[in-house]
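Below is one structure, written out as structure tokens, with a few remarks after it.
The values are calculated or read from the model by the stated rules, or taken from the named source; none is laboratory data. This is a predicted model, so every value here is computed, not measured. So basically every Cβ, Gly included, is an ideal-geometry build from the backbone, and we count neighbours across all protein chains shown.
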Amino acid sequence: MILWNSESPKHQESKEKNKKCLLLAADLQRPAAVEQLKVLANQENIEVFNIENWQDPKKVVTEGMNYSKEQKFDCIIIDTAGRLHVDDVLMDELEKINKICNNLNSIPLVNS
């Protein structure tokens, strides 16, 4: 899910220039997912927010959203566990994460 902070004073300017982006590491299902995200983000010089040893992605997203507001990020990308429409638990989790981010524009990205 990609979130865009349209209230940011840099919003209009950032359409034409570099954006201040943050990755939230909320894929806590797959072993080493957070470390993989950190490696990839480091290659592009993008900051990653994660909380060591947390098992609840919703709490990671909540804390990460608070951090992103404090640090005035323009764009937040939330990396969550892969999910299928038949997996009710993960779909419910995604719905709750979406509610946490309700004040921002969002673009969900899914596999086809």
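Worth pointing out:
Condition check ((1) surrounded by 11 or more Cβ atoms within 10 Å (Cβ to Cβ); (2) at negative phi; (3) among the charged types (D, E, K, R)) across all residues:
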| position | (1), (2), (3) |
| --- | --- |
| ASN18 | no, yes, no |
| LEU24 | yes, yes, no |
| ALA33 | yes, yes, no |
| LEU40 | yes, yes, no |
| GLU44 | no, yes, yes |
| VAL48 | yes, yes, no |
| ILE51 | yes, yes, no |
| LYS58 | yes, yes, yes |
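- Output for the range 60-93, where each listed residue is crowded, with 19+ Cβ neighbours inside 10 Å and without any contact (Cβ under 8 Å) to a residue 40 or more places away in the chain: VAL60, GLU93
- Filtered residues of the range 75-95 (kept if modelled with pLDDT under 75 and either basic (Lys, Arg) or part of a helix (DSSP H, G or I) (or both)): ARG83
- Summed over the range 1-51, residues that are farther than 18 Å from CYS101 by Cβ, at pLDDT 80 or above and part of a loop (DSSP other than H, G, I, E, B) total 7.
- Enumeration of residues in the range 18-42 that are small (Gly, Ala, Ser) and touching a helix residue (DSSP H, G or I) at 6+ places or on another chain (Cβ under 6 Å): ALA25, ALA26
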